[in-house]
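Colleague: Supplied in structure tokens, the structure appears directly below.
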């Protein structure tokens, strides 16, 4: 956990008071809706189909129990008793009133969270690995650098009115859980031959209407140069990114139009002017940030405690244990994923009561810390293995122990036409139907790892391009039609999925997905070959045949 | 449109001369870029001060040869959503050491003042009278700044370092 100091607190409070003034000026008519729109967006406030939506940042996916309780309080007091965790480590409240927003923000500011820049054409919440700091084999905790970037990007005087939104993600593990290759700016922490910490910098990734996998602009940027190099990229983008067409305004289009070589050259030229300037990070500054991260005092514990041996006789516990519990870097501890994907539920939703329950469990079993992942699940990052049976029982009671993590019913979905004013089609009902279709956990385990991602429009908030199976809702002649892609992935081997054929109607989606899954089960070389690997080996053709042969 | 300079609403000492209109023989003038670049030397040789309105889609590098003879540079915000001039402002102040008047024109609203001040602007053609009147108050809205810019305000990172050092020194 990063602990805010008085300086961080002062800034958030100043922002709350500024926004209170802006809302006041809007309500009094002094600000037009056009003027206010950008200001509210810069504070995470969208106008949706039915109400204002309020998006709160959870920087690099780390929350304290106190912060989670406060989110529950906001859900209860200002909304309808629940919140929705998004694919970018944010939480959204869907029914908030404009006049209540300043108070909700003030309540959040007391525990050091805010909604600054969770929307609008500025740098968004900096995301990272939900297992940061606890994953075995990690180079170092990427959240130190994510926090440095959070501060650097907050209310940046030069980059608050960019051509379009700008998203950062950072990973420090060989296996990328942060989807850095589908971000405007992705950072992969690694060490050079001299053992110094630095970053592979990737640029121009993104989904939406024109999806691109990010390209490497520089294989190694030393940690001390991170901010100056980022500023050089942002400055080139701010000046030369397209502003004539909202659909061509992301940095991915600039990189694509210039070519990565030319873009890199522009950035390099800019960087040479400023790399030794005020943005250079000396070790002392980095250490000061590092020192304000709280790490638990781990005990020396056995690898296999008696409690765990005993509980292994319970097949229900064992199934959850095998599915939702992951190796921790410290012996005797585990990382536990909390599935927010119950059968029939909207993916990523949690009720205020669940949030409170999770906060209590975090206090009891995880040093008061909770993580949020881009897959729309939560995690408790430091659980003693001996506590796993007791934790499982408590999670099960709260509806948070569905053992479907990384399985076919662990679906990523955007809010879709049920809430969103941009959507062309519904996403949540498709996800709900699919979780019912694949409710049998034995079948789901037989299928193995399979990520289904659903978006209700081309903007791709549900990351459909990088789902192993991607589902995109579009509108055709007044009807919701769904286009299916396969073979996408968001990890270190990120790839965009391939369309398997013409779109299908709402009622057909679950049958089509089932056909694809059955084709996979018949085609896989062995039970160990994952869906995504079978698609890679065989291409989409056999799947296309299977799906369209009878349609 | 009220002009704010030095934190106060002032009369504009520059006359903005429309394209094609005759230039006054003396007195300070602000001219558009096309007119300026047509005969820069002749313009700069006149008795009064000269300022130029520089568009946000043209590199400020092209302006650099004239900076030492100019009295003002006005940068343009065609809408407040278009932030290119923030980069131009920082380049002029921080890279090309421009010390003359740096004016923000176009859709300049209260909610941009702090960003503009930090980017190096010191004169503001403000769209609304009420925003111009609120300038001094709005400029004080923030006490914490995370990024170093040429305005010299101490950043949070460095304030922290100072705090830590004084704590260690027992002050």
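The values are calculated or read from the model by the stated rules, or taken from the named source; none is laboratory data. Bear in mind that the values here come from a model prediction, so they are computed numbers and not experimental data. Cβ atoms come from the backbone with ideal geometry, glycine included; neighbour counts cover every protein chain shown.
Colleague: Output the residues belonging to the range A:68-99 that are free of Cβ contacts under 8 Å to residues at least 60 places away in the same chain and part of a helix (DSSP H, G or I).
Modeller: Step one: list which residues in the range A:68-99 are free of Cβ contacts under 8 Å to residues at least 60 places away in the same chain, which gives A:70, A:74, A:77-80, A:90, A:93, A:95-97.
Result: A:70, A:74, A:77, A:78.
Colleague: Is it fair to say residue A:220 is in contact with a strand residue (DSSP E or B) (Cβ under 7 Å, 6 or more places away or on another chain), away from chain B (no Cβ under 14 Å) and either assigned to a helix (DSSP H, G or I) or surrounded by fewer than 22 Cβ atoms within 10 Å (Cβ to Cβ) (or both)? Even if it seems obvious, please write down each step before you answer.
Modeller: Numbers: in contact with a strand residue (DSSP E or B) (Cβ under 7 Å, 6 or more places away or on another chain): yes; away from chain B (no Cβ under 14 Å): yes; either assigned to a helix (DSSP H, G or I) or surrounded by fewer than 22 Cβ atoms within 10 Å (Cβ to Cβ) (or both): yes.
In short, yes.
Colleague: Same structure again: Here is a list: B:141, B:103, B:99. Which entry is within 11 Å of chain A (Cβ to nearest Cβ) and either in contact with a helix residue (DSSP H, G or I) (Cβ under 6 Å, 6 or more places away or on another chain) or modelled with pLDDT of 95 or more (or both)? Break it down into steps so the answer makes sense when it comes.
Modeller: On the way: B:103 fails: within 11 Å of chain A (Cβ to nearest Cβ); B:99 fails: within 11 Å of chain A (Cβ to nearest Cβ).
Answer to the check: B:141.
Colleague: Additional query: Applying the selection to the range A:387-404, what residues are closer than 23 Å to residue A:304 by Cα and surrounded by 20 or more Cβ atoms within 10 Å (Cβ to Cβ)?
Modeller: The answer is A:387, A:388, A:391, A:392, A:395, A:401, A:403.
Colleague: For the range B:144-171, how many residues are over 21 Å from residue B:115 (Cβ atoms), within 10 Å of chain A (Cβ to nearest Cβ) and either surrounded by fewer than 16 Cβ atoms within 10 Å (Cβ to Cβ) or under 19 Å from the mean Cα position of the chain (by Cα) (or both)? Break it down into steps so the answer makes sense when it comes.
Modeller: Kept after step one, since they are over 21 Å from residue B:115 (Cβ atoms), are these residues of the range B:144-171: B:160-171.
Right, trim to within 10 Å of chain A (Cβ to nearest Cβ) and you get B:160-161, B:163-165.
Cutting the leftovers down to either surrounded by fewer than 16 Cβ atoms within 10 Å (Cβ to Cβ) or under 19 Å from the mean Cα position of the chain (by Cα) (or both) gives us B:163-165.
Final tally of qualifying residues: 3.
Colleague: On to the next question. Exactly one condition in (1) modelled with pLDDT under 95; (2) under 26 Å from residue A:186 (Cβ atoms) is false for residue A:476; which is it?
Modeller: Among (1) modelled with pLDDT under 95; (2) under 26 Å from residue A:186 (Cβ atoms), residue A:476 violates only (2).
Condition check ((1) within 11 Å of chain A (Cβ to nearest Cβ); (2) assigned to a strand (DSSP E or B)) across all residues:
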| site | (1), (2) |
| --- | --- |
| B:42 | no, no |
| B:46 | no, no |
| B:65 | no, no |
| B:73 | no, yes |
| B:82 | yes, no |
| B:85 | yes, no |
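Colleague: Do we have any residue at all in the range B:35-51 that's touching a helix residue (DSSP H, G or I) at 6+ places or on another chain (Cβ under 9 Å) and closer than 25 Å to residue B:147 by Cβ?
Modeller: no
Colleague: Hey, residue A:11 hits all of (1) in contact with a helix residue (DSSP H, G or I) (Cβ under 9 Å, 6 or more places away or on another chain); (2) free of Cβ contacts under 8 Å to residues at least 24 places away in the same chain; (3) at the interface with chain B (Cβ under 9 Å from one of its Cβ atoms); (4) outside any loop (DSSP other than H, G, I, E, B) but one; which does it fall short on?
Modeller: (2)
Colleague: Could I ask something else about it? Search the range A:239-278 for residues being free of Cβ contacts under 8 Å to residues at least 60 places away in the same chain and not in a helix (DSSP H, G or I), and hand back the single one that is nearest to the other protein chains (Cβ to nearest Cβ).
Modeller: A:278
Colleague: Another question about this same structure. Any chance the range B:123-141 includes a residue that's touching a strand residue (DSSP E or B) at 6+ places or on another chain (Cβ under 8 Å), over 15 Å from residue A:160 (Cα atoms) and without any contact (Cβ under 8 Å) to a residue 60 or more places away in the chain?
Modeller: No, because not a single residue in the range B:123-141 is touching a strand residue (DSSP E or B) at 6+ places or on another chain (Cβ under 8 Å), over 15 Å from residue A:160 (Cα atoms) and without any contact (Cβ under 8 Å) to a residue 60 or more places away in the chain.
Colleague: Follow-up. Would you call residue A:514 at pLDDT 95 or above and in contact with a helix residue (DSSP H, G or I) (Cβ under 9 Å, 6 or more places away or on another chain)?
Modeller: Details: at pLDDT 95 or above: yes; in contact with a helix residue (DSSP H, G or I) (Cβ under 9 Å, 6 or more places away or on another chain): yes.
When the stated conditions are applied, residue A:514 passes them.
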